[in-house]
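In what follows, a single structure is set out as structure tokens and then discussed.
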Amino acid sequence: MTPTNSAEQALDEALALVSRSPEGDAGGHRAVSWPRARDVAAHAGAGVRARTHDVPLADALGEVLAASLDALTDLPSFDTSAMDGWAVAGPGPWHVRAGGGVLAGSGLPEPLADGEAVRIATGARIPADTTAVIRSEHCDEAGGQLFAGRPVVTGQDIRPRGQECRSGDLLLPAGSLVTPAVLGLAAAAGYDELTTRPRPRVEILVLGDELLTEGRPHDGLIRDALSPMLEPWLTRLGAEVTGTRTLGDDPEGAAALLEAVTTSTADVVVTTGGTASGPVDHVHPVLEKAGARLLVDGVAVRPGHPMLLARIGDRADGRHVVGLPGNPLAAVSGLLTLAEPLLRALAGRRPRPRYTAPVRGDVPGHPYDTRLVPVRLDDEHAVPLRYHGPAMLRGVAAADALAVVPPKGARSGQELEVLDLPWASGGCFT
């Protein structure tokens, strides 16, 4: 499958909007609006050539159908009993057939004669010439005869062959997310494997000389909070994380970063830190050496302003780089702004449905930029949480979502767009 012209055109249009954007930051980078950045990320992922594979049902969960799910047989494939009870033929009372009843999974039962009844289990094949099934609680057996306690309607409690679908019917279109219910439907329809789009492969590169991997922060060194957080977070977004590495800020680290972004076999390389213009911020120079095209270079959002999105290689088969800021909550902002829409598009998944909630209390805003604020969701409101500085994780660790606060802030009761955190919204099953 190749990218559609419409996907390519959509990306071109989105990038044209970005290039005409008057927004900018003090460092001279063009900071695009938060909604535009998300659009560019989604269009970039939609323009990539789709990979497909055939996988056993057990391995397809959370992936997207690359081919339609068509019925391989009638469902049910034979007339079955919908209840435990009695299969009867003709009007009652009925003579009870001697011997055992009809069980699910048994062979073809003997036809019923007129006026005859036989015990039957739920899911068992209906004997030929059966008029109806009477539930056990709606009849009585006495003296070798069966008596109905209420009127019997022809066909009652019988699931006729093909009631759910006929062979060849479309059950689900390509592009449907494989959920547990879809696995059940596929199994019922006779599938052993499905053709799906594999999860996008992601490699994580954590940049910084000041990072500790264990113990308490001390002497100007801090714990690496991003490595433990990013891999499970990206996995919840539907990615297959191929590895996480830490690279230094020195020239050797810059060389290793260049090699990584140019030789990685991942679909997306996620970096942390080094996206600004400081003396040891190597991401921009490395991307320039790699011949990358910057699709987003700075976003008018707080926290996370210096995030970026780039592509190395051509549009159909290229690799994307998502540059996250090094501060933890700023990195979370980058995940939700750029990584999530990019990964959803690469996986063939639809954009997450948008919804709003009224905010409880006034929320201060940035004069020009969007703010993403951790919130707890109660029955009626989004409740802002404290500890939402760029380097803080305490607020988002207690949050259900992030609220999108427009420039200049929001008044109490104002409807704000809400971005569910992946563990609060069902993860990859949404």
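Of the residues V383, V405, which is farther than 30 Å from A345 by Cβ, more than 22 Å from the chain's Cα centre (by Cα) and of a type in the set (V, I, T)? If you could, list the steps in order and put the result at the bottom.
Numbers: V405 fails: farther than 30 Å from A345 by Cβ.
Answer to the selection: V383.
For region 181-198, the tally of residues that are surrounded by fewer than 19 Cβ atoms within 10 Å (Cβ to Cβ) and under 19 Å from R344 (Cα atoms) stands at 1.
Conditions tested, residue by residue: (1) crowded, with 19+ Cβ neighbours inside 10 Å; (2) assigned to a strand (DSSP E or B); (3) small (G, A, S).
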residue	(1), (2), (3)
L112	yes, no, no
V118	yes, yes, no
P127	yes, no, no
D140	no, yes, no
P151	no, no, no
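Check whether at least one residue in region 268-283 is modelled with pLDDT of 90 or more, farther than 28 Å from D59 by Cα, among the aliphatic types (A, V, I, L, M) and part of a strand (DSSP E or B), and report yes or no. No, region 268-283 has no match at all.
Return only the number of the condition from (1) part of a strand (DSSP E or B); (2) surrounded by 23 or more Cβ atoms within 10 Å (Cβ to Cβ) that L342 does not satisfy. Just one mismatch for L342, condition (1).
Inclusion of G318 among residues that are assigned by TED's automatic domain parsing to the domain that holds L257 and at positive phi is not warranted.
Of the residues making up region 347-401, those that are in contact with a His (Cβ under 6 Å, 6 or more places away or on another chain) and assigned to a strand (DSSP E or B) are P358, V373, P374. P351 passes every criterion in (1) exposed (fewer than 14 other Cβ atoms within 10 Å of the Cβ); (2) under 23 Å from R201 (Cβ atoms); (3) touching a strand residue (DSSP E or B) at 6+ places or on another chain (Cβ under 9 Å) apart from (3).
Can you name the residue in region 270-284 that is among the aliphatic types (A, V, I, L, M) and surrounded by fewer than 24 Cβ atoms within 10 Å (Cβ to Cβ) and is also nearest to L230 (Cα to Cα) among such residues?
This residue is A276.
Cβ-Cβ contacts under 9 Å between residues 6 or more apart (or on different chains), taken from a first residue in region 380-392 that is outside the structural domain of D224 (by TED's automatic domain parsing) and farther than 19 Å from P358 by Cβ to a second residue that is buried (at least 17 other Cβ atoms within 10 Å of the Cβ) and of a type in the set (S, T, Y), are listed as P390/S333. For region 67-103, filtering for residues that are in contact (Cβ under 8 Å) with a residue 12 or more places away in the chain and more than 30 Å from S176 (Cβ to Cβ) leaves 20. When each of R293, R302, R315 is tested for being surrounded by fewer than 19 Cβ atoms within 10 Å (Cβ to Cβ) and modelled with pLDDT of 90 or more, the lone residue that passes is R293. With respect to the conditions (1) modelled with pLDDT of 95 or more; (2) buried (at least 22 other Cβ atoms within 10 Å of the Cβ), S412 lacks only one, and its number is (2).
The values are calculated or read from the model by the stated rules, or taken from the named source; none is laboratory data. Not measured: the values here are computed from a predicted model. Reconstructed Cβ throughout: ideal geometry from the backbone, glycine too, with neighbour counts over all protein chains shown.
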